[in-house]
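The values are calculated or read from the model by the stated rules, or taken from the named source; none is laboratory data. Quick caveat: nothing in here was measured; it's all calculated off a predicted structure. As a convention, Cβ positions derive from the backbone with ideal geometry for all residues, glycine included, and neighbour counts pool all protein chains shown. Side chains included, ligands, DNA and RNA excluded: accessible areas come from the protein's heavy atoms. Shrake-Rupley method; radii C 1.70, N 1.55, O 1.52, S 1.80 Å.
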Amino acid sequence: MPLGSLSPDLVGVSRRVSLQRGFLILCALVVLLLFEAVVPLGASSSPNTTSGKHGSNRTKKPFPVLSFDYSHVRMPFEISLWVLLASLMKLGFHLIPRLSSIVPESCLLIVVGLLVGGLMRVVGEDPPVLDSNLFFLCLLPPIILDAGYFLPMRPFSENLGTILMFAVVGTLWNSFFMGGLLYGVCQIQGTNLSEVTLLPCLLFGAIISAVDPVAVLAVFEEIHINELLHILVFGESLLNDAVTVVLYHLFEEYAGIGSVTVLDVFLGVVSFLVVALGGVLVGAFYGILSAFTSRFTSHTRVIEPLFVFVYSYMAYLSAEVFHLSGIMALIACGAVMRPYVEANISHKSHTTIKYFLKMWSSVSETLIFIFLGVSTVAGPHSWNWTFVTVTIVLCLVSRVLGVVGLTYVINKFRIVKLTTKDQFIVAYGGLRGAIAFSLGYLLDAQEFPMRTMFVTAIITVIFFTVFVQGMTIRPLVDLLAVKKKQETKRSINEEIHTQFLDHLLTGIEDICGHYGHHHWKDKLNRFNKKYVKKCLIAGERSKEPQLIAFYHKMEMKQAIELVESGGGVKLPSAVPSTVSMQNIQPKKPLPDRAIPKISKGREEEIRKILRNNLQKTRQRLRSYNRHTLVADPYEDGWNELLIKRQKLMQMEKKMSNYLTVPAAPPDSPTLSRARLASDPQAYSSKPASGDLPTIKVDLASPQSPDSMNLVDEFQKTAALQKDDDDGGLVMKVPPEDKEEEQKGEQDSKKEQQQRLMRCLSDPGPGGDDEDEPFLP
Amino acid sequence: MGSAKSSLSKIPNAEQLMDDTGFSPAHVVRLHERFQALDKEKKGHLSRQDFESIKELATNPIRDRIIGAFFAQGGEMVDFHTFVKILAHFRPVDKKHLKKANIREPINSRTNKLRFAFQLYDQDNDGKISRSELLQVLRTMLEVQVTDEQLESIADRTIQEADLDGDNAISFDEFRKSLEKVNIDHKMSIRFLR
């Protein structure tokens, strides 16, 4: 580092150091509070208050101005403290430079858990163990729902056969191989393990062999490998739940009795089918209910996300009632309801669902790992060198053998084969996690005297996989040059051509007389379009072809991107734009659009105006009331709203070009969604009541008068824009018609974009699959 | 295997066919059976009516184009060789086959698959997908009532995105480039024909 640049670095470093110090103090405070909460300090105060009430001869005491009564808030207080600790830890890791790039978060969180548990031990307090009920009912569902709702259906369904093979056959192989060999090892003299009979060994094998979705998600999310591998490992971790459930219950039931007959095995197989299919059906049922409900929520947009969450959770709980696979129910529910719900709900509800799910799943994951660490310190341990080392070795060996063997068989049926590199990643990515721990913990100590040994071994395996495999997988991925995830989105070309190819392949399959993959997919799509969509999607959206919906989404996205970049830069085909506004950087390369160039001076002017208006719009946003979706007609800003609405109606003419039905009423969900996106003080999609002047949209007008309007509005708003930003809140997608651009309406374009900028200050997420906030 | 060999001998030039297309004998026999099943009047070749009588094909929006692809150069009959050669485009890409010292590019290579698809778009065979051709395709695929304005916007957008040399039409190279992220080997292969 050259000396000259030291001082700004020093400033930065000192600022960072003070930040970190402040943060550490905050954390210490939280941990202190946690101890205080755990230690029963409040116990002394409660008897006083109760005895004071019960005593019939109450002596007069001075009125307590300030009293300390901790016990009645103890439970929620502790929970909140844990959650707070988890979230602060998550924050903290990112303050420490370079740490998060070397060590995956899951490892750090386990270490934190260990520390906290250790501290508790030192204090003399008993650290809490991860309660299995808490885990399965509260911590696991958000993660699975998040995964299921955003499951990429295309790669999942394309690779479903492979995933099922790995999940079912792979897990079975793992359990039996491990269980059997462990039993063999236990029988060897001199290991003091002879009391571990076959069935407990098989049970242990079943528990430890399942790949854990939480751990896989936590690690794989950071390494960004290509879609295929991600979906293979992740899909396997989700679908093997059914196998695990069945094996666990089967062996647990019969371990006491000590023998398993052929009938039991047969029943086990039947049970597996029931568990898996039953879980999926329960999930699908609730998913359809949820989709149907969302059809009617157009008047109560605020609670839309609630339906999604509650129905999904009910699906999970209902499946758990019958000991069906709750995970599969959740996945099925999320996957089934998603296309219909997204067509029905508003833009903001979509954002809400997305961010709530991400938030909950993130907190859950953090808590799980921390508790794993704490439980390690807490739980009774019984360490047995042989058992533990054999377990770890067998885990690795069986995983590798399983993957290699299965891939050999699978590749015979796959079009795109799995290479050795792929196999390695799949094998190496088989991480174990908290589900194994909870299942082990659930074992009854009476029936399984070797339970503590099992739990110790499970924890060791978890630590091994998460730490060793988790930490080394990233450099290995780089070393092996495994293909990474592609960052760019689908273009409309890809969408059109893939649909075309789908039709083509279906046709060719029909000519060959072969009922293949495309044939059934086509049939399903047809059924979906004809019957299901009509039922579950409200209003006109049910008829909207997928291509149109996609196109519309693209246009919206591009409008946002265009405004984000300040617009007006000639974009060469593949070079990402380097234009940036003050604090707003375009995140991705802008699409190629031939847009006329403007002079530097003009650009600067426009940027300044946009910047100023952005500030003002942001301030205005804060006055938005959470409950108000309909503007109060007696409010002051009503006139402005009227003007805005007028302008919006005029621009909707343009928008309706991109919408399905020719005579789209002003209140079609897509339009209202566009409106909601454009206006922070959003309207509900009620039909125009007596208060508002109804403006009929004339669709027959050709495009050219439209552009003339723009020029007029430019003159008009030029005056307005001096004083305030409400000079016309319109949502306008930049016109593609080249002749319009060449009319030299560059100025009006910039004006539109200014307006667009103002109204799109809170546009929600950039797209379906993105996680980043709109403005960094 | 014996039965396959004997039925193989009934098919003229079977060896040549297998060599050109890379199909195995079993496949050639199966396709021959299908060919004969479609050829109801036992003419020895297929006409358009034979294709149109496939009832599953009736609901396919691009049915006419697919059928048209078989009848290249305005012919009225499709003999078995042409039938197999066209279906060979949809064989999964066979890496072993590629390694053989074939000077010619195999029919089911990625480029040839794309070229086949391109020709379905480009009905007038001028080597480019013009705006009107694109509009026709969109119109057939989007069977629902969609306004012309919408279709035109989509078509314009599509061409704008893909068109690199500014001639307002999509050439084969531009077509190929726009699909470079799509796994064509997977998308345009039928497992049945391996």
**Asked** What residue, of A:GLU236, A:GLU253, is in a helix (DSSP H, G or I) and buried (at least 24 other Cβ atoms within 10 Å of the Cβ)?
**Response** A:GLU236
**Prompt:** When you scan region A:57-106, how many residues do you find that are over 21 Å from A:SER362 (Cβ atoms) and among the hydroxyl-bearing types (Ser, Thr, Tyr)?
**Reply:** 4
**Prompt:** When you go through A:VAL185, A:VAL196 one by one, which is the residue that is in a helix (DSSP H, G or I) and aliphatic (A, V, I, L, M)?
**Reply:** A:VAL185
**Residue match in region A:343-357 (condition: buried (at least 18 other Cβ atoms within 10 Å of the Cβ), within 29 Å of A:GLY470 (Cα to Cα), under 22 Å from the mean Cα position of the chain (by Cα) and not aromatic (Phe, Trp, Tyr))** = yes
**Fill in**
When (1) without any contact (Cβ under 8 Å) to a residue 40 or more places away in the chain; (2) away from chain B (no Cβ under 14 Å); (3) crowded, with 21+ Cβ neighbours inside 10 Å are applied to A:MET450, the one that fails is (1)
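For region A:541-561, which residues satisfy the criterion of being assigned to a helix (DSSP H, G or I) and within 11 Å of chain B (Cβ to nearest Cβ)?
Selection gives A:SER542, A:LYS543, A:GLN546, A:LEU547, A:ILE548, A:PHE550, A:TYR551, A:HIS552, A:MET554, A:GLU555, A:GLN558.
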**Tally, over region B:69-87, of residues that are part of a helix (DSSP H, G or I), away from chain A (no Cβ under 11 Å) and of a type outside the set (Val, Ile, Thr)** = 6
**Asked** Scanning for something open to solvent by 10 Å² or more (accessible area, probe 1.4 Å) and within 30 Å of A:PRO104 (Cα to Cα), does region A:295-317 turn up at least one residue?
**Response** yes
**Prompt:** For residues in region B:62-84 being crowded, with 18+ Cβ neighbours inside 10 Å and out of contact with any Gly (no Cβ under 9 Å at 6 or more places or on another chain), which is farthest from B:GLY44 (Cα to Cα)?
**Reply:** B:ALA69
**Message:** Please count how many residues of region B:158-194 are farther than 23 Å from B:ASP126 by Cα, among the basic types (Lys, Arg) and more than 7 Å from every other protein chain (Cβ to nearest Cβ).
**Reply:** 1
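Taking A:HIS497 as the residue in question, decide whether it is touching a Leu at 6+ places or on another chain (Cβ under 7 Å), facing chain B (nearest Cβ under 7 Å) and either surrounded by 14 or more Cβ atoms within 10 Å (Cβ to Cβ) or within 26 Å of B:ILE159 (Cβ to Cβ) (or both).
In short, yes.
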**Message:** Can you tell me which condition A:ILE508 does not meet? The list is (1) aliphatic (A, V, I, L, M); (2) facing another protein chain (nearest Cβ under 9 Å); (3) out of contact with any His (no Cβ under 9 Å at 6 or more places or on another chain), and all the others hold.
**Reply:** (3)
**Asked** Across region A:69-83, which residue is farthest from A:ILE370 (Cα to Cα) among those that are in a helix (DSSP H, G or I) and charged (D, E, K, R)?
**Response** A:ARG74
**Asked** So is B:ILE129 among the β-branched types (Val, Ile, Thr), under 20 Å from the mean Cα position of the chain (by Cα), open to solvent by less than 30 Å² (accessible area, probe 1.4 Å) and more than 7 Å from chain A (Cβ to nearest Cβ) or not?
**Response** yes
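With the condition kept exactly as written, say whether any residue in region A:259-267 is more than 21 Å from A:VAL168 (Cα to Cα), open to solvent by 80 Å² or more (accessible area, probe 1.4 Å) and in a helix (DSSP H, G or I).
no
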**Message:** Criterion first (more than 14 Å from chain B (Cβ to nearest Cβ) and buried (at least 22 other Cβ atoms within 10 Å of the Cβ)) does A:PHE424 satisfy it?
**Reply:** no
